[in-house]
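The values are calculated or read from the model by the stated rules, or taken from the named source; none is laboratory data. Since the model is a prediction, treat every value here as computed from it, not as a measurement. Cβ coordinates were reconstructed from backbone atoms using ideal geometry, including for glycine residues, and neighbour counts include every protein chain displayed.
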Amino acid sequence: MIRPLFILLASLLQHYGSEAESSHVGKFHLPSVKEQNGVQESHQEKVITVSGDGMVQSPDFPHTYPRNTAVVWRLVAPSNMRIQLTFDERFGLEDPEDGICKYDFVELEDVEDVAVVGRWCGSQSVPAGHTSTGSQVRIRFVSDEYFPSEPGFRVRYSLLPASPSEPEAPAGLPASLPGIEELSEAVAGLSTMEEVMKYLEPERWQLDMEELYKPTWHVLGKSFLHNKKARGADLNLLREEVQLYSCTPRNFSVSLREELRRTDAIFWPGCLLVKRCGGNCACCSHRCYDCQCVPTRVTKKYHEVLLLKHRSGGRGLQKSMTDVPLEHHEECSCVCKDDWD
């Protein structure tokens, strides 16, 4: 396979290469918070106030984009407007692997639905246009350290008035919404996806299953990497056993509705496992009275789940597969409470 060979060659080049090359491959950093021409930049994302037509694009478009890059734009329009997105015909990122965009990709998220609309890469076809369901959308561009491509992408955005028949979207439906809590409790007690679909639509559950997994015009990809440590000498093994009960990332179950603060939707499964810091700090190296376990490296991972929502106007349930972002702690450390505060 060409990618592993390229990785080996790239490693050799990185070892013997010039300082100029290594500086070119350096990680892209967003500047500290500032605002200019309606664009507010922070370490997390660039917030763009949409008042007319504009565009966002991969760095150096239409030429080869840099490696090791992560850029996020959040487009914010007035509450009574929607954002229309159109991709430039010139589109090309690193090709997918096994049909999944794992390495370089551009991703579109509808902020109101907390749902990934699509993730795209390669150069076979230009992504279709999209109109936001609310007044905000998020565009995310990621490239790894291999195979930068060209021309990258460009997305043009413009404003559209919300449909007159479209109900004003509430910030969050109350938890007492009739049917939501009862339905959530019933769905939580089911063991398989088939049982969920049979419970919701006894007459057409098989058709619904086919619709959920039918290939669509976008490709969603998830990649979860887990590094495994090799067993060392007995002393290393003893230390690793202690670490199991010390301050380390470990599995915790979280409720999606509570984690995402969504009272207007039901997720199945309703709980997922995440890595969060836990354990004690009995072996804390700091000389302080109160040593606490805190995360020192946090990442966001996407998990595909079934989303159930009431359609507007009481027209039944909307069922869809969606990606939900959850925070994972990858590294933890014991620190003095006074220092952390």
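Listed here are the residues, each with its yes/no results for (1) assigned by TED's automatic domain parsing to the domain that holds R154; (2) in a strand (DSSP E or B); (3) of a type outside the set (D, E); (4) closer than 11 Å to G152 by Cβ.
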position	(1), (2), (3), (4)
G52	yes, no, yes, no
M55	yes, yes, yes, no
Y65	yes, no, yes, yes
A70	yes, yes, yes, no
S79	yes, no, yes, no
R82	yes, yes, yes, no
L85	yes, yes, yes, no
E89	yes, no, no, no
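Beta carbons closer than 9 Å, at least 6 apart along the sequence or on distinct chains, pair a first residue in region 64-87 that is touching a residue at least 24 places away in the same chain (Cβ under 8 Å) and within 17 Å of T131 (Cβ to Cβ) with a second that is of a type in the set (D, E) and surrounded by fewer than 16 Cβ atoms within 10 Å (Cβ to Cβ) for S79/E168; N80/E168; R82/E166. When you look at L93, is it over 18 Å from Y157 (Cα atoms) and either of a type outside the set (K, R) or surrounded by 15 or more Cβ atoms within 10 Å (Cβ to Cβ) (or both), yes or no? In short, yes. The lone criterion from (1) assigned to a loop (DSSP other than H, G, I, E, B); (2) under 13 Å from the mean Cα position of the chain (by Cα); (3) not acidic (D, E) left unmet by I139 is number (1).
If only residues of region 226-283 that are closer than 22 Å to D113 by Cα and of a type in the set (S, T, N, Q) are counted, the one that is modelled with the highest pLDDT is S255. Of all residues in region 104-112, one or more are surrounded by 12 or more Cβ atoms within 10 Å (Cβ to Cβ), at pLDDT 90 or above and more than 29 Å from S51 (Cα to Cα).
Evaluate the following for P167: is it assigned to a loop (DSSP other than H, G, I, E, B), in contact with a Ser or Thr (Cβ under 6 Å, 6 or more places away or on another chain) and modelled with pLDDT under 75?
So P167 passes the test.
Which one is modelled with the highest pLDDT, of the residues in region 37-59 that are of a type in the set (V, I, T) and farther than 19 Å from N80 by Cα?
Applying the first criterion (of a type in the set (V, I, T)) to region 37-59 yields 39, 47-50, 56.
Subset that is farther than 19 Å from N80 by Cα: 39, 56.
Working: V39: 44, V56: 96.
Result: V56.
Contact annotation: residue pairs with Cβ atoms under 7 Å, 6 or more positions apart or on different chains, pairing a residue in region 171-194 that is more than 17 Å from Q318 (Cβ to Cβ) with a partner that is modelled with pLDDT under 50, are E181/A175. If you go through region 130-141 and keep only what is crowded, with 20+ Cβ neighbours inside 10 Å and in contact with a Ser or Thr (Cβ under 9 Å, 6 or more places away or on another chain), you end up with S135, F141.
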